[in-house]
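Undergrad: Below is the structure I would like to discuss, written out as structure tokens.
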Amino acid sequence: MSTSILAAGCYRLALRAFPARLRSRYGDEMAATFAAAHTQRRNLSARAGRRFAARAWFDAVRAGLGTRFNGGIRQPGGPDRGKVRGAQEWLWTEVGTDLHSAFKVLRKEPLFAITVIAVLALGVGVNGALSNALRAVFLAPAPFNEPDRLVMLDLSEQNVESTEPPRAFAWSYPKYEILAETEGLAASSVAAYARRSITLTGHGAARKLMAEVVTSDYFAVLGLPAWDGGAALTVDQVLISHALARSLFGDTDPAGQEFAVNGVRQIIAGVAPPGFRGLTGSADAWIPMAAVPRIISPTLLENFDGHWLLAIGRLGTGGTFEQLRAQMASVGARVHDGFEWTDPTTRQVGTARSFEEARRNAAARQAVGVVSAAAGLVLLIACANLAVMFHAHVANRRREIAVRLALGSARFRIARILLAEVLLLATTAGAIGVGVAWAASRAVVRAWPQSFMNGSWNVRFVDSTGLQFGVPAAVATFLLASVAGVLFALWPILRASRTDVAVAMRAGGRGQSHRDTTGPWLVATEVAIALVLTIGAGLMISSLSRLARVDHGFDSSNLLTVEYTLQRGSAEAEDPAAFHDQFLGRVRTLPGVVSATMECRSPLDIHCWTTRVRRAGDQRWGEGQRPRIGVHLVDETHFAALGIPLLSGRAFTAEDGAETPPVMIVNDTAAQRLFPSGDVLGQPLTVGVSLTSGNDTAAIIGVVGDVLYDSPAQGVMAEVYVLHRQEPGRDTTVIVRALGEPLDLLPLLRAELAVLAPEVPLTNARTVDSIGAAQLGDTSAITRLLAAFAALAVLLSATSVWGTVAQMVGRRRREMGIRMALGARAAQVVRQSLRYGLVWASGGAVVGLLGAYYLSRTMESMLFEVTSTDAIAYSASAVLLVLVSLMASYLPARRAGQVDPARTLRAE
Amino acid sequence: MNAAARELLPLSPPVFHVLLALGDSAMHGYAMMQAFEAKTEGADTLLPGTLYATIARMVDAELIDECDPPANASDRRRRYYRVTDLGRATVAAESERLSRLLRIARAENMVPAGSSDPSA
């Protein structure tokens, strides 16, 4: 059995402590000697091998540093000490000696050393990972040139009767042109962009991907060299992302190649820089605005009421944000006056937001803030725990320290040795903490839902999968461990160095004096923090369980949803309704399919769109008062297929179609709100947009049960269902209920669609349950993290309670023995010890309850149907903490009851 | 020679150990480790880092020097060392110094009973 590669590698690393001159002369010899000696020990036993490797490693570091700074061959401390060695050399040798003695002490107490290292490594590891994520999402600058000069230029809607801040929405192209043509703007350039899903064909299988439609100044605004060509995109050109270029063309230059975007041939003009995914963070292609009529819609650029663009500008030299904001107000006024605006309760205004502000999603910021604060509290507990352990460690060595002092050791020297122990522990914990942080970073990326990292609407750069735990984060984590460790051990060290020799010698090995309450105070602090965390986690768990129990109004089991879009101008798109029906017909005959239906969006996702109700029966609403209603395009089997109950009237039938009178079905909420008299069936309903066969009015033929389309917090709103044959569209979502695993049906569905329309890709396959789980994503990710932190906090505080009570029992063993000799029963002594642990833990719990009361308010908006002062979460957490403390106190307290009075008195 | 040797006293333990390990033979580093362990019956160990740092200093101080591998060398690729005359004088001076101290300790009854007397 020869020496292991790891041991040899570590030894080579340790040899770096030697000066290069010596290393080049003796390095190989030393490594060979180590290998031979290590092999010999390993052949005796693996343990002996490990022991030798550790000793040799430390010896090499020490000897190497000693050689660098101490050249003599005489005894250290000999007559030439002051002459030969300079101050720096002396320092290094002393540090080496201190570290060596610290190593020897810690080797004798492996349990203490391992516990301290594990606690601190865990604490800093978690914090390192989270602060890294926090920095990437919120603190690191956006990957564009001078991002602080970028300004989001919003067209916003201002309620004329309220003082609420204006709500940003999007520009239509004609309205954007007013902004683009405004002269003398404080912005040197402005651009508009929008995210669109496109279908790419002409290179392998058809694929659906995200593109940004951009005006010509887009790249100039972002301060990027546009692409290799450098010129503006012409109407038949497209720019593609580096990732897409690699996947389609490998290493060959794609410039000049062609492919079809939504069935229209475009030439690839160039490739964006690697990693650049545009302002939406997800674009794989950039399409010039001029190509919109060809690729997306012939009339979209002329439609002043179609709001779909966002605008961004770059402040010019000398231009200020305030100037630009004032200029935007006047642009907004011109837009408002220049186009028809039907809603008298609102007006359009122009506003400006700093881009760095806009990219930060308020909800995500709050959640990350809460999670980071929780991680910070865990670190605090870890440090307090470390202080408790170190305090006990020092107290147990009180006699040894007193002996050293009595023999003439300087107090400074005692403090230095203890400090060396802490340094050794903290730096080891730091190194392991870096590993923990790296692993935790990967876990964060996996656990964190994508949506969580989003900035506000259409502004997103941070792809969580790209979060890297790099060198700066590793260095920061390492330093955090070292500083935190040393800081929290300072107090016990200072106390130890002030040990009163006479008192300590008299007290024998019994540790600190009776009056010493440092440990209990730290324990109480830990319990208080642990309780705050437990209550926070309890509130989130309670909230999550309520969210998970929300009734969505339909049966979501075994449902698969897939989407497709028929290409404009294709044969299928001439009669999309017939195509959808034909496809659904084929799907229903597939083996393993229970039912198949369609809608324009997946259930649980969102409404197809929302509009306003103008008239319901005899009731009409004036402008500004019209109730909002969600619209859904469905086929006649929809309600039966999803298990949505028909409450009255009839469902759509195969006879209803484009030629028959327009009909609608409403949900229960719409029926109750719009028709308070209860007379719904047969009544006309008029909505804000034309829905059925070009009509905005249709008769209500049925009422169905409520389905929750918005988030649970928003609740059910009024909804109207329209038959897809009366309002045909090219986009659709097919919803299939499977007998078994829904995703197993996907290949069959693809094959069926390929038979009918080979050029149309089937996209976005998801199970409805996964959509539901994704909706809980943020809450469940935060809950999981907080619960993990709380569990860690409870564990740490329990070990501290245990340690402190055990120490108290050890310290007062003599007193207890005497009491028992004088007639006290064992149960009384146990009770006394239990009371000691419980009093301090309860004190901590009271402070924790107060702390939670104030701190949990920051979580209010993250909670669903639970208040931040929920009595159950508070009382359950407090009871849990006190019980855990009781259990932790019981083990050492039981030992107190087993004290043998006779033996204790003999020992006196 | 003796004056030069006395200049170097007291020797640090690793230097003394290396001189004792080498004795009259030529050895490489690992052999020195083994010899030292054997001579102290495993009570003390010389670890490679300390050993070579010491060797380097002793070569500089001319207490030992590098030599050709002996005829019966187990591994001819290693560096071999032997004690110089100065080294021999130094180890003798150090041993004498220590014996003197030991005698004083004995006279003061500070040496535990049962310890063998090296001068005996």
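The values are calculated or read from the model by the stated rules, or taken from the named source; none is laboratory data. What you see is a predicted model; the values in this text were computed from it and never measured. So basically every Cβ, Gly included, is an ideal-geometry build from the backbone, and we count neighbours across all protein chains shown.
Undergrad: Among (1) at pLDDT below 90; (2) surrounded by 21 or more Cβ atoms within 10 Å (Cβ to Cβ), which single condition is A:Pro76 missing?
TA: (2)
Undergrad: Any idea which residue in the stretch A:216-252 is surrounded by the most Cβ atoms within 10 Å (Cβ to Cβ), counting only those that are modelled with pLDDT of 80 or more and among the charged types (D, E, K, R)?
TA: Per the criteria, the residue is A:Asp217.
Undergrad: Restricting to the stretch A:16-66, name every residue that is under 20 Å from B:Thr45 (Cα atoms), of a type in the set (A, V, I, L, M) and without any contact (Cβ under 8 Å) to a residue 40 or more places away in the chain.
TA: Matches in the stretch A:16-66: A:Met30, A:Ala31, A:Ala32, A:Ala35, A:Ala36, A:Ala37, A:Leu44, A:Ala46, A:Ala48, A:Ala54.
Undergrad: On the given criteria, is A:Ala48 surrounded by 19 or more Cβ atoms within 10 Å (Cβ to Cβ), part of a helix (DSSP H, G or I) and either more than 9 Å from chain B (Cβ to nearest Cβ) or of a type in the set (A, V, I, L, M) (or both)?
TA: Values: surrounded by 19 or more Cβ atoms within 10 Å (Cβ to Cβ): no; part of a helix (DSSP H, G or I): yes; either more than 9 Å from chain B (Cβ to nearest Cβ) or of a type in the set (A, V, I, L, M) (or both): yes.
No; evaluated as a whole, the condition is false for this residue.
Undergrad: Taking the stretch A:1-22, which residues are part of a helix (DSSP H, G or I), buried (at least 19 other Cβ atoms within 10 Å of the Cβ) and within 12 Å of another protein chain (Cβ to nearest Cβ)?
TA: A:Tyr11, A:Ala14, A:Leu15, A:Ala17, A:Leu22
Undergrad: Just checking, does the stretch A:19-31 include any residue being at pLDDT 90 or above, over 29 Å from B:Glu7 (Cβ atoms) and of a type outside the set (D, E, K, R)?
TA: Among the residues of the stretch A:19-31, at least one is at pLDDT 90 or above, over 29 Å from B:Glu7 (Cβ atoms) and of a type outside the set (D, E, K, R), which makes the answer yes.
Undergrad: Right, next: Out of A:Thr534, A:Thr499, which single residue is outside any helix (DSSP H, G or I), modelled with pLDDT of 70 or more and over 19 Å from the mean Cα position of the chain (by Cα)?
TA: A:Thr499
Undergrad: Right, something else. Can you tell me how many residues in the stretch B:28-52 are free of Cβ contacts under 8 Å to residues at least 24 places away in the same chain and within 16 Å of A:Pro19 (Cα to Cα)?
TA: 3
Undergrad: Regarding A:Leu685, is this residue surrounded by 15 or more Cβ atoms within 10 Å (Cβ to Cβ), in the same structural domain as A:Phe583 (by TED's automatic domain parsing) and of a type in the set (A, V, I, L, M)?
TA: Here the answer is yes, as A:Leu685 does meet what is asked.
Undergrad: For the stretch A:152-210, which residues satisfy the criterion of being out of contact with any helix residue (DSSP H, G or I) (no Cβ under 8 Å at 6 or more places or on another chain) and of a type in the set (S, T, N, Q)?
TA: If the condition is that a residue be out of contact with any helix residue (DSSP H, G or I) (no Cβ under 8 Å at 6 or more places or on another chain) and of a type in the set (S, T, N, Q), then A:Gln158, A:Asn159, A:Ser162, A:Thr163, A:Ser172, A:Ser188, A:Ser197, A:Thr199, A:Thr201 are the ones that fit.
Undergrad: While we're on this one: Yes or no: B:Val111 more than 11 Å from chain A (Cβ to nearest Cβ), buried (at least 21 other Cβ atoms within 10 Å of the Cβ) and more than 26 Å from A:Arg16 (Cβ to Cβ)?
TA: no
Undergrad: Is there any pair linking a residue in the stretch A:652-680 that is touching a residue at least 60 places away in the same chain (Cβ under 8 Å) and crowded, with 19+ Cβ neighbours inside 10 Å to one that is assigned to a loop (DSSP other than H, G, I, E, B) and among the acidic types (Asp, Glu), with Cβ under 7 Å and at least six apart or on different chains, and which?
TA: A:Phe652/A:Glu636; A:Asp656/A:Glu636; A:Val663/A:Asp656
Residues checked against (1) under 30 Å from A:Ala243 (Cα atoms); (2) more than 36 Å from the chain's Cα centre (by Cα); (3) at pLDDT 85 or above:
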{"residue": "A:Trp286", "(1), (2), (3)": "yes, no, yes"}
{"residue": "A:Met289", "(1), (2), (3)": "yes, no, yes"}
{"residue": "A:Gly306", "(1), (2), (3)": "no, no, no"}
{"residue": "A:Ile312", "(1), (2), (3)": "yes, no, yes"}
{"residue": "A:Ala329", "(1), (2), (3)": "no, yes, yes"}
{"residue": "A:Gly338", "(1), (2), (3)": "no, yes, yes"}
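Undergrad: Further, regarding this structure: Report every pair of residues separated by at least 6 positions or lying on different chains whose Cβ atoms are under 7 Å apart, first residue within the stretch A:300-322 and within 10 Å of A:Pro174 (Cα to Cα), second of a type in the set (A, V, I, L, M, F, W, C).
TA: Between residues of the stretch A:300-322 that are within 10 Å of A:Pro174 (Cα to Cα) and residues that are of a type in the set (A, V, I, L, M, F, W, C), the close pairs are A:Leu300/A:Val292; A:Leu301/A:Val292; A:Phe304/A:Phe339; A:Gly306/A:Leu300; A:His307/A:Phe169; A:His307/A:Ala170; A:His307/A:Trp171.
Undergrad: Here's a check for you: in the stretch B:60-83, which residue that is buried (at least 17 other Cβ atoms within 10 Å of the Cβ) and over 18 Å from A:Glu29 (Cα atoms) is farthest from the other protein chains (Cβ to nearest Cβ)?
TA: B:Val83
Residues checked against (1) of a type in the set (Gly, Ala, Ser); (2) crowded, with 19+ Cβ neighbours inside 10 Å:
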residue: A:Ala530; (1), (2): yes, yes
residue: A:Asp551; (1), (2): no, no
residue: A:Asp555; (1), (2): no, no
residue: A:Thr565; (1), (2): no, yes
residue: A:Ala573; (1), (2): yes, no
residue: A:Ala577; (1), (2): yes, yes
residue: A:Phe583; (1), (2): no, yes
residue: A:Pro591; (1), (2): no, no
residue: A:Val594; (1), (2): no, no
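Undergrad: Answer with yes or no whether B:Thr40 is at the interface with chain A (Cβ under 10 Å from one of its Cβ atoms), touching a His at 6+ places or on another chain (Cβ under 9 Å) and among the polar types (S, T, N, Q).
TA: Taking the combined requirement at face value, the residue does not satisfy it.
Undergrad: Follow-up question, since we're still on this one. With respect to B:Arg100, determine if the residue is touching a strand residue (DSSP E or B) at 6+ places or on another chain (Cβ under 8 Å), more than 14 Å from chain A (Cβ to nearest Cβ) and modelled with pLDDT of 90 or more.
TA: Against the criterion (touching a strand residue (DSSP E or B) at 6+ places or on another chain (Cβ under 8 Å), more than 14 Å from chain A (Cβ to nearest Cβ) and modelled with pLDDT of 90 or more), B:Arg100 does not qualify.
Undergrad: Suppose we filter A:Ile198, A:Ile268 for residues that are without any contact (Cβ under 8 Å) to a residue 40 or more places away in the chain, within 30 Å of A:Arg750 (Cα to Cα) and crowded, with 21+ Cβ neighbours inside 10 Å; which single one remains?
TA: Step by step, each of A:Ile198, A:Ile268 is checked, and only A:Ile268 is without any contact (Cβ under 8 Å) to a residue 40 or more places away in the chain, within 30 Å of A:Arg750 (Cα to Cα) and crowded, with 21+ Cβ neighbours inside 10 Å.
Undergrad: Continuing with the same structure: I want to confirm something. Restricting to the stretch B:84-108 and keeping residues that are among the charged types (D, E, K, R) and more than 28 Å from A:Ala32 (Cβ to Cβ), which single residue is surrounded by the fewest Cβ atoms within 10 Å (Cβ to Cβ)?
TA: For the stretch B:84-108, the residue satisfying everything is B:Glu108.
Undergrad: On to the next question. Among the candidates A:Val550, A:Val527, which residue alone is within 30 Å of A:Asn385 (Cα to Cα) and in contact (Cβ under 8 Å) with a residue 12 or more places away in the chain?
TA: Working: A:Val550 fails: within 30 Å of A:Asn385 (Cα to Cα).
On inspection, the qualifying residue turns out to be A:Val527.
Undergrad: Still on this structure: Considering only the stretch B:43-59, I want to know if a residue exists there that is of a type in the set (S, T, N, Q) and either more than 13 Å from chain A (Cβ to nearest Cβ) or more than 27 Å from A:Arg41 (Cα to Cα) (or both). Step through it out loud before you land on a result.
TA: Taking the stretch B:43-59 as the starting set, the residues that turn out to be of a type in the set (S, T, N, Q) are B:45, B:50, B:54.
Add one more test, that the residue is either more than 13 Å from chain A (Cβ to nearest Cβ) or more than 27 Å from A:Arg41 (Cα to Cα) (or both), and what stays is none.
Checking the stretch B:43-59: not a single residue is of a type in the set (S, T, N, Q) and either more than 13 Å from chain A (Cβ to nearest Cβ) or more than 27 Å from A:Arg41 (Cα to Cα) (or both).
Undergrad: Out of (1) at pLDDT below 70; (2) outside the structural domain of A:Leu120 (by TED's automatic domain parsing), what's the single condition that is false for A:Phe461?
TA: Condition (2) is where A:Phe461 drops out.
Undergrad: Are any residues in the stretch A:570-600 under 24 Å from A:Ala260 (Cα atoms) and free of Cβ contacts under 8 Å to residues at least 24 places away in the same chain, and if so, which ones?
TA: Scanning the stretch A:570-600 gives A:Ala571, A:Glu574.
Undergrad: Still on this structure: Out of the residues in the stretch B:6-33 meeting the condition of being surrounded by 21 or more Cβ atoms within 10 Å (Cβ to Cβ) and of a type in the set (Gly, Ala, Ser), tell me which one is nearest to the other protein chains (Cβ to nearest Cβ).
TA: Looking at residues that are surrounded by 21 or more Cβ atoms within 10 Å (Cβ to Cβ) and of a type in the set (Gly, Ala, Ser), I get B:Gly29.
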